[in-house]
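Beneath this line is the structure, given in structure tokens, with notes to follow.
The values are calculated or read from the model by the stated rules, or taken from the named source; none is laboratory data. Because the structure is a prediction, the values reported are computed rather than measured. Cβ coordinates were reconstructed from backbone atoms using ideal geometry, including for glycine residues, and neighbour counts include every protein chain displayed. Keep in mind that these areas ignore ligands, DNA and RNA; they rest on the heavy atoms of the full protein, side chains included. Shrake-Rupley method; radii C 1.70, N 1.55, O 1.52, S 1.80 Å.
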Amino acid sequence: MSAAIHRYTFPAPEAPVVGALDLEPGALGVHPRRLPAWTRRQIPDRVFDFVVGMGSGLRIATATAATQIDLEFAVIGIDPAVGATVPATVQLVVDGVVAGTRVFGLDVQTLVDGTGEITQRHGPVHARFDGLGAGWKAVEVWLPHSTAMELISIAADEPLHPPADDRPVWVHHGSSISQCGEALAPTLTWPAVAAAAGGVRLHSLGFSGNAVGDPFVARTIRDLPADLISVEIGINVVNGDLMRRRMFESVLHGFLDTVRDGHPETELLVLGPIPCPAHENAPGPTIMDPLTGQCASAGSVSELTRGALSLEGVRDAIGAVLRARDDDPHLHYLDGRVLLSEAETADLPDGLHPSADAYVRMGRRFADAAFAPGTALDPRRDALAQGRP
């Protein structure tokens, strides 16, 4: 970009970070986080805390006549010694259409290990986009879905203005299956694909390894503006062997009760787990086989008789909870196997997480199953009921 005419440092009301509920001050700018500041003392471990700062679903939104935009930020990724690491991808969306993609490799990322210690330090990078075309437009800069970041500034050759977006707000909470770290780009996570197809505004609370019914997540959803809500739950409960059926049903009831405290009549969908061959009939905990790279159960099948949960047990428990709440006409269920069938488990490269292509299919299928006319989260339902076009 030539000499910047208009530069905005974060936080910037002219370019808010959609989906960020906290902008934590950093050395250079702000760290966007997907849970409110008050939750920090309740987050149980450093891994979850880091996941909260990862950008799945986050985007900078603005309205402008600019033809050039430049985002300055620092990328904070996971050291490859800890686990799988992917490049950080930023995408520009103009009037709902992807107009540019920039990819930042490990060599320009600050890297952290499993304890949060920095193992490689790198300064800011720039995601520059030009050729946006003349005229007024809605612009979104989608942030990396697989890394954390520190936002410094955004510059443009024309002024930026607060965005106007009247699409229904869809709040979705889930596990790594909803954070979609294996997706090729932030607009290609399955919730992003589904939101685009359904004409809704995504607010993503997909937290890898941490969709287990935490009360502070339920209270966050309770307090958020939301026209539509969905909750994907089950696989992380099994992965960690965190609770027996007796506790899981109570936790799920409590989670739904809390959400209902703030959204008593909002359409609310519970999404059951997609297949995971290792855990369909075996409990957790989950381990990754170092030789095959496949997930496996380290639990004992004999524990199922004592209330341990397999995915079959999770689906049965969810069914029991929803039957007990059958007086709620706005509460719905969608079996995760509608998004990815048992015949498609070859699309789980590690036996647990879908491939990039599978995530795109899942997004389209969710839109068909949940956002289409007459389905559970049909975004036009309320408008039609009130006679609005």
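For this structure, a couple of remarks:
- Residue list for segment 16-36, filter: open to solvent by 50 Å² or more (accessible area, probe 1.4 Å) and over 14 Å from residue 151 (Cβ atoms): 21
- Single residue of segment 104-137 satisfying the filter (without any contact (Cβ under 8 Å) to a residue 12 or more places away in the chain and not aliphatic (A, V, I, L, M)) that is nearest to residue 63 (Cα to Cα): 121
- Scanning segment 196-217 for residues that are within 17 Å of residue 318 (Cα to Cα) and more than 15 Å from the chain's Cα centre (by Cα) yields 213, 214.
- Any hit, segment 83-94, residues being touching a residue at least 24 places away in the same chain (Cβ under 8 Å), within 16 Å of residue 220 (Cα to Cα) and crowded, with 23+ Cβ neighbours inside 10 Å: no
- Filter pass, residue 126 being surrounded by fewer than 18 Cβ atoms within 10 Å (Cβ to Cβ) and assigned to a strand (DSSP E or B): yes
- Any hit, segment 199-220, residues being of a type in the set (Lys, Arg) and assigned to a strand (DSSP E or B): yes
- Residue 379 being modelled with pLDDT under 95 and touching a helix residue (DSSP H, G or I) at 6+ places or on another chain (Cβ under 9 Å): yes
- Residues considered: 338, 360. Of these, the only one that is under 22 Å from the mean Cα position of the chain (by Cα), under 27 Å from residue 201 (Cβ atoms), free of Cβ contacts under 8 Å to residues at least 40 places away in the same chain and open to solvent by 20 Å² or more (accessible area, probe 1.4 Å) is 338.
- Residue within segment 242-264 that is closer than 30 Å to residue 17 by Cα and of a type in the set (Ser, Thr, Tyr) present: yes
- Test result for residue 46, over 23 Å from residue 158 (Cα atoms), open to solvent by 10 Å² or more (accessible area, probe 1.4 Å) and basic (Lys, Arg): yes
- For segment 133-175, residues that are open to solvent by less than 30 Å² (accessible area, probe 1.4 Å), within 25 Å of residue 68 (Cα to Cα) and aromatic (Phe, Trp, Tyr) total 1.
- Scope segment 288-305; condition farther than 19 Å from residue 342 by Cα and in a loop (DSSP other than H, G, I, E, B); matching residues: 289, 290, 291, 292, 293, 298, 299, 300
- Restricting 308, 317, 367, 376 to those that are touching a His at 6+ places or on another chain (Cβ under 7 Å) and either outside any helix (DSSP H, G or I) or surrounded by 15 or more Cβ atoms within 10 Å (Cβ to Cβ) (or both) reduces the list to 376.
- One residue stands out among those in segment 246-279 that are in contact (Cβ under 8 Å) with a residue 40 or more places away in the chain and in a loop (DSSP other than H, G, I, E, B): the one that is surrounded by the fewest Cβ atoms within 10 Å (Cβ to Cβ), which is 265.
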